[in-house]
Amino acid sequence: MQRAASLAGRALLRGSQINSTKVWNTQFQRYASSGLPMNTVVLFVPQQEAWVVERMGRFHRILEPGLNFLIPILDRIRYVQSLKEIVINVPEQSAVSLDNVTLQIDGVLYLRIMDPYKASYGVEDPEYAVTQLAQTTMRSELGKLTLDKVFRERESLNSNIVDIINQAADFWGITCLRYEIKDIHVPPKVREAMQMQVEAERRKRAMVLESEGTRESAINVAEGDKQSQILASEAEKAEQINRAAGEANAILAKAKARGEAIRLVADALTKQYGDAAASLSIAEQYVTAFSKLAQESNTILLPANTGDISSMVTQAMGIYSTLTKALPQKGPDAPPLEVANGADDKFSDTQDLKQS
């Protein structure tokens with residue numbers, strides 16, 4: 001009986017040893033497959049990593065970088081969180097814009113674990129959760145914008161996605177640093193329409209620029225014509241002023257010269273043989289005027305005694321003597337006013353005789 005009991009006890013002990021060995025092998029395989037470090041009593045935690053330790057299945061503490069000690073069997077490393085910035089590719093997905101255009105969009109997400117405890121126990125897979133949240137948020141934000149605004153407001157779209165992700169990821173101990181849209185794929189027909197729109201817009205801007213250039217050119221030409229007309233009018237005005245001034249100066253010069261000539265003639269007539277000189281001058285003028293007859297017209301009116309120069313000179317000298325006697329004389333020998341008036345009457349009679 002005792003031998004049977006001892007055999008049974010040995011069998012149980014062997015079974016427990018076998019079971020413990022199997023459990024240990026299973027745990028080792030689990031650690032090996034999970035990539036978690038094993039409890040070797042003395043542990044060295046790398047920089048920018050946080051190791052979450054559980055004691056008897058309950059959270060115990062987070063190991064800091066450097067040297068750490070753990071109790072075998074009781075303590076085990078449950079999670080290893082990297083505190084570095086993590087880059088996650090958001091898979092390509094379809095989204096519908098506000099104007100019902102289907103877009104294919106993919107992006108890149110940059111995040112960092114700020115609280116290892118929340119990242120370990122707040123969500124099962126933090127990276128997968130944030131990726132799914134980024135996809136749903138991007139679809140939601142794109143549905144609020146039209147196609148044109150999606151291309152123009154990519155920066156504001158990225159910032160809105162980051163804000164929404166941070167609000168939800170705060171409970172997971174994760175902070176989204178930034179989100180960038182890599183590519184936006186539009187349907188081929190929409191792309192062709194957009195290309196036509198761009199070409200039309202460029203043609204419009206080219207026509208506007210050309211019309212503005214034409215307008216500026218016309219304005220410049222008009223301004224040039226205006227300035228040229230103003231300058232021409234000012235030049236003409238200056239020319240007329242100069243011509244008038246020249247004519248006035250010429251008239252004054254001629255008047256002064258004629259007055260000087262008359263003064264010299266008057267001085268010469270007062271001297272001896274002045275009458276003879278006057279007779280000679282009148283005879284020369286008569287001959288000169290006679291030589292110019294019939295040069296401008298075929299009709300000529302001649303006096304009866306055309307060839308008698310002496311009579312013509314005598315008649316002219318008589319008229320001159322009559323005129324000189326009619327003029328008032330200065331000095332003590334000047335005749336009274338009545339004589340001068342009588343001379344005026346004779347002068348008028350002589351004029352009437354000349355006209356008849």
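Among T137, T175, which is the only one that is under 20 Å from I113 (Cβ atoms), open to solvent by less than 20 Å² (accessible area, probe 1.4 Å), modelled with pLDDT of 85 or more and hydroxyl-bearing (S, T, Y)? Working first, answer last.
Values: T175 fails: open to solvent by less than 20 Å² (accessible area, probe 1.4 Å).
None of the others qualify; the one that does is T137.
Checking A119, A129, A50 one by one, the residue that is surrounded by 12 or more Cβ atoms within 10 Å (Cβ to Cβ), over 30 Å from S156 (Cα atoms) and among the small types (G, A, S) is A50 and no other.
State yes or no: is K292 open to solvent by 60 Å² or more (accessible area, probe 1.4 Å), within 60 Å of the chain's Cα centre (by Cα) and either basic (K, R) or modelled with pLDDT under 65 (or both)?
Numbers: open to solvent by 60 Å² or more (accessible area, probe 1.4 Å): yes; within 60 Å of the chain's Cα centre (by Cα): no; either basic (K, R) or modelled with pLDDT under 65 (or both): yes.
Taking the combined requirement at face value, the residue does not satisfy it.
Residues that are over 30 Å from E49 (Cβ atoms) and not in a helix (DSSP H, G or I) are absent from segment 113-131.
The values are calculated or read from the model by the stated rules, or taken from the named source; none is laboratory data. Treat the numbers as computed from the prediction; the structure is a model and nothing was measured. Please note: Cβ atoms are built from the backbone with ideal geometry, for glycine as well, and neighbour counts cover all protein chains shown. Note: accessible area is taken over every heavy atom of the protein model, side chains too, but ligands, DNA and RNA are not part of it. Shrake-Rupley method; radii C 1.70, N 1.55, O 1.52, S 1.80 Å.
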